[in-house]
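The values are calculated or read from the model by the stated rules, or taken from the named source; none is laboratory data. All values reported here derive from a predicted model rather than from experimental measurement. Glycine gets a Cβ as well: all are built from the backbone with ideal geometry, and neighbour counts include every protein chain shown.
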Amino acid sequence: MSTLRQTADQIISASIQAVLPDEAVRRALKNFHPEGRVFLAAAGKAAWQMAHAAVSALGSVEDGVVVTKYDHVKGDIPDVRCYEAGHPVPDANSFAATGKALELVHGLHPEDTVLFLLSGGGSALFEKPLISGEELQNITGQLLASGADIVEMNTIRKRLSGVKGGRFAQACAPAKVFSIVLSDILGDPLDMIASGPAVPDTSTCEQALAIADKYHLTLSPAAKDLLQQETPKSLDNVTTQITGSVRELCAAAAKASQALGYEPVILTDQLCCEAREAGSFLGSIVRTHAGQGKKLAYIAGGETVVHLTGKGLGGRNQELALAAAPALSGLENCCVFSVGSDGTDGPTDAAGGYVDGQTENALREAGMDVFLTLADNDAYHALQAVEGLIITGATGTNVNDVAVALVE
C-alpha cells in the first residue's frame, strides 16, 4: 500500500472517529430530565450505537426497540430489543420492527417519556406503510433510480407512511417525546431527517404532487390519494436536539489533514450534485494545483446523487472517486478519495473509493475504460481491480459523505 493511500486511510479514520454518536448522545442527554418511566425507540443506521450510548449513560430504561440496518447490531443492550431491516428499500422486517416500536409506545401515560434516537436511513428502516409494502418498495426504487434527492424522496415517502411526518410522535401521545437526531441531510432540516417521525411536517401536498410529476412516478390510485392528504403541522409533546452533522465531518477531515502536514481548504459542506461531476471537479482542482510546492487538502462534504444508466455495482462515493481518475492520470503524490460516514456506499460492502495518478493506467492495463465503466455504473468492480475500494465496515454513525483531494 502506498504512503499516500495510508495517509488517506488515516484521514478517513480520524474523520469518522470524530463523528461517532457516543459522545454526542451523552452530550445531548445532559438536557434530558424525565419525570416518570423512560421508553427508548431508536431508528436508523446509527440506531444501535446511539441506543447503546444512551442506555450506558442512563443506566437503564423501562423497555426499548432498536431498528437498524442488517449487520449493524453489535451486541445486546439491556432491556432493549434490537431488530435489523432493509435499506435503502424497506422490507418486511422494516415493517415488523416498526410495528414493535408502535406497540412499545401504545397506551403510555402523560408522565412517561419516549427517548427517540434518530439517524439517517430511518426513512427505510422505520416504516409502517399506508399502501402495500410491495408498492412502497416499488416507489422507493423509482425515486432512487430517477436521481431524486433525499428531500424529494422524503416528501413523497412521509405521505405514504403511518409513522413519518410527525405521525410517530402522535402515536406516543400523551407521553412526551425527547428526540435526539444525528443529521444526515444538508442544512439539518428536522422534518426531512428520516422523514421526520417526531417533527411537524413543513412540506405540502402540492410539493409532493409536483415531485411525482417531475419524475413520472407510477402510482396506484390509493398512493395518489395519500399524496393529497396533509401531514401533521404542529406537535406539542416533542423536544428535539440535533447532534452531529456533515459540518463536523468536514471539520474533522480538515483537522486530520492539517495534523499530517496539509493545508486544508473546506470547499463546501453542502455538496449536492452528480457524483461523477463532483469527482471530475475535484480532479480538475488537483490538476490545477499539483506541483506548486504546497501540500493541500481540498475537502467537500455533502451527498451527491447517481443517475442509473447501466447495470453495474457501485455507490455515489465510488463513482465520485472513479470520475476523478482521468484528471489525476500521471500526476505524482496526488489522490482523491470519497467515503460515506456510515461505512456503506450504495448496495455494496465498500464505504467509498480511492484513486491516484496511477489508477487510470492500471485500469487500462486491466482492460477497463473509466468512462465506459461510469456509464455502466460499475465503479465497484473497477476500483476492486486496482485496490481502490475503501472498506471500513459499519461505523455506527451517519452524517453524509466527505470527499478529499490531496495535492503535494
### Query
Out of all the residues in the stretch 71-86, is one or more of a type outside the set (A, V, I, L, M), in contact with a His (Cβ under 8 Å, 6 or more places away or on another chain) and buried (at least 24 other Cβ atoms within 10 Å of the Cβ)?
no
Taking the stretch 146-188 and keeping residues among the hydrophobic types (A, V, I, L, M, F, W, C), assigned to a helix (DSSP H, G or I) and over 24 Å from Tyr215 (Cβ atoms) leaves Phe168, Ala169, Ala171, Cys172
Residue count, the stretch 145-183, condition under 15 Å from Leu219 (Cα atoms) and in contact with a Pro (Cβ under 8 Å, 6 or more places away or on another chain), comes to 2
Note on the stretch 96-119: residues among the hydrophobic types (A, V, I, L, M, F, W, C) and at pLDDT 95 or above are Ala96, Ala97, Ala101, Leu102, Leu104, Val105, Leu108, Val114, Leu115, Phe116, Leu117
Looking at the stretch 357-368, can you tell me whether even one residue there is of a type in the set (D, E, K, R) and in contact with a strand residue (DSSP E or B) (Cβ under 9 Å, 6 or more places away or on another chain)? no
Within the stretch 296-310, of all residues that are within 18 Å of the chain's Cα centre (by Cα) and part of a loop (DSSP other than H, G, I, E, B), the one surrounded by the fewest Cβ atoms within 10 Å (Cβ to Cβ) is His307
Note on Gln318: of the conditions (1) more than 19 Å from Leu271 (Cα to Cα); (2) at pLDDT 95 or above; (3) polar (S, T, N, Q), unmet is (1)
The one condition Gln137 fails out of (1) assigned to a helix (DSSP H, G or I); (2) at pLDDT 95 or above; (3) crowded, with 16+ Cβ neighbours inside 10 Å is (2)
